[in-house]
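Below is one structure, written out as structure tokens; comments come after it.
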Amino acid sequence: MPLRPSLVIAGASGVIGRALIARAAPRWRVLVLTRTLDGREPPGTEAVAWNPRAARQNDHAQLKALASILDGTDAIVNLAGASIDGRFGPRHRRAIRESRVDATTTLVRAAELTFAPPRSWLQASAVGLYGDRGDELITEDAPPGNDLYLCEIGRAWEEAAAPAADITRLVVARLGVVFSRDAAAWRRLVLPVRLGVGGPLGSGQQWWPWIHAADLARALLFLIDPAVGTDPPSGVFNVVAPQPARQIRITRAIARALGRPAFVPVPAFALRLLLGRMADEVILPSTRVLPARLREAGFEFRFGAIEHAAQSLLKRHTPTA
């Protein structure tokens, strides 16, 4: 029986990591890097302690220990970084940036010390890098924006990972908003609709690049799969659903799935009062992103339209005929 391919995941505790582990565990040997070994690691995985700031601290012993873990692995997926959920004050912005850059730099430095570097490296990024682009159709060829703090974060995150391309096959996955039952973003959209007060946020016409968690996990494994063939993909991929949707369409899809109304607006000024700078960084920008390279590579989405995704995520609440 052939050995299962080995997969190392940094940042496995979030929504993306959990979805990826659930999909990968039956076929891959999954090792998760965690700052604290507390017995709460995902089932079906092996947990290894690490220090994401080892490179910043010049902790050579930690870097060598991490290198021994990465040595000879089939793939590494780097999702590590502080949540963007918050008001984007100075301390929060610093945590968002430093957590991503520090963890990525540590992984790169450790991989450079290995005798056999990971065969594939999937580096998380985000479509927030493109900024607020209105109705412009955005593919991987579009330049980054410079109008949002998340643009700066995306550039710094990808620049920190860039040296990995010198030692392995580097894939940069620019992720959209992930929808799953346990995702905070999804729950916050569903709750007002369930209470009968859902509706447009700001104008409601802003494009939100989204993806169902099941498609996300499949796409990430598709991009790193060692059996993908003789010409495996590399470079930047937008990992979003093929049908971007305006915010109000997403809310209305949820409303139809729940059999509830969705006509109560929340104006932009109210969002800014409630959420601070997060409103202008996450809720109000319009980013109409397409997964051009992912589709060209042959990936097939199961949840291409938001209506289908909403029915899937809310089906236990959908009235029967």
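The values are calculated or read from the model by the stated rules, or taken from the named source; none is laboratory data. The structure displayed is predicted, hence computed values, not measured ones. Cβ: placed from backbone, ideal geometry, glycine included. Neighbour counts: every protein chain shown. SASA here: full protein model, heavy atoms, side chains in, ligands and nucleic acids out. Shrake-Rupley method; radii C 1.70, N 1.55, O 1.52, S 1.80 Å.
When you go through Gly44, Gly128 one by one, which is the residue that is of a type in the set (Gly, Ala, Ser) and on the phi > 0 side of the Ramachandran plot? Full working, then the answer.
Details: Gly128 fails: on the phi > 0 side of the Ramachandran plot.
That would be Gly44, the only listed residue that is of a type in the set (Gly, Ala, Ser) and on the phi > 0 side of the Ramachandran plot.
A count restricted to the range 107-126 and to residues that are open to solvent by 10 Å² or more (accessible area, probe 1.4 Å) and touching a residue at least 60 places away in the same chain (Cβ under 8 Å) stands at 1. Is one or more of the residues making up the range 134-149 open to solvent by 10 Å² or more (accessible area, probe 1.4 Å), under 15 Å from Gln247 (Cα atoms) and either at pLDDT 95 or above or touching a Lys or Arg at 6+ places or on another chain (Cβ under 9 Å) (or both)? Scanning the range 134-149, I find at least one residue that is open to solvent by 10 Å² or more (accessible area, probe 1.4 Å), under 15 Å from Gln247 (Cα atoms) and either at pLDDT 95 or above or touching a Lys or Arg at 6+ places or on another chain (Cβ under 9 Å) (or both), so the answer is yes.
Within the range 163-172, the set of residues being within 15 Å of Pro117 (Cβ to Cβ) and touching a helix residue (DSSP H, G or I) at 6+ places or on another chain (Cβ under 9 Å) comprises Pro163, Ala164, Asp166, Ile167, Thr168, Arg169, Leu170, Val171. If you go through the range 44-62 and keep only what is small (Gly, Ala, Ser) and loosely packed, with under 15 Cβ neighbours inside 10 Å, you end up with Gly44, Ala49, Ala61. When Asp59 is tested against (1) of a type outside the set (A, V, I, L, M, F, W, C); (2) within 30 Å of Leu3 (Cβ to Cβ); (3) over 22 Å from the mean Cα position of the chain (by Cα), just one condition goes unmet, and that condition is (2). Taking the condition within 16 Å of Leu220 (Cα to Cα) and at pLDDT below 95, does Pro5 pass? Against the criterion (within 16 Å of Leu220 (Cα to Cα) and at pLDDT below 95), Pro5 qualifies. In the range 197-284, counting only helices (runs of 4 or more DSSP H) that sit wholly within it, the ones holding 2 or more residues that are surrounded by 19 or more Cβ atoms within 10 Å (Cβ to Cβ) and either in contact (Cβ under 8 Å) with a residue 24 or more places away in the chain or not acidic (Asp, Glu) (or both) span 213-224, 247-258. Do we have Glu307 as under 23 Å from Arg174 (Cβ atoms), free of Cβ contacts under 8 Å to residues at least 60 places away in the same chain and more than 20 Å from the chain's Cα centre (by Cα) here? Spelling it out, it is not the case that Glu307 is under 23 Å from Arg174 (Cβ atoms), free of Cβ contacts under 8 Å to residues at least 60 places away in the same chain and more than 20 Å from the chain's Cα centre (by Cα). Among the conditions (1) hydrophobic (A, V, I, L, M, F, W, C); (2) crowded, with 22+ Cβ neighbours inside 10 Å; (3) in contact with a Ser or Thr (Cβ under 8 Å, 6 or more places away or on another chain), Ala82 misses just one, which is (2). Consider the range 169-196 and keep the residues that are of a type in the set (D, E, K, R) and not in a loop (DSSP other than H, G, I, E, B). The one that is surrounded by the fewest Cβ atoms within 10 Å (Cβ to Cβ) is Arg188.
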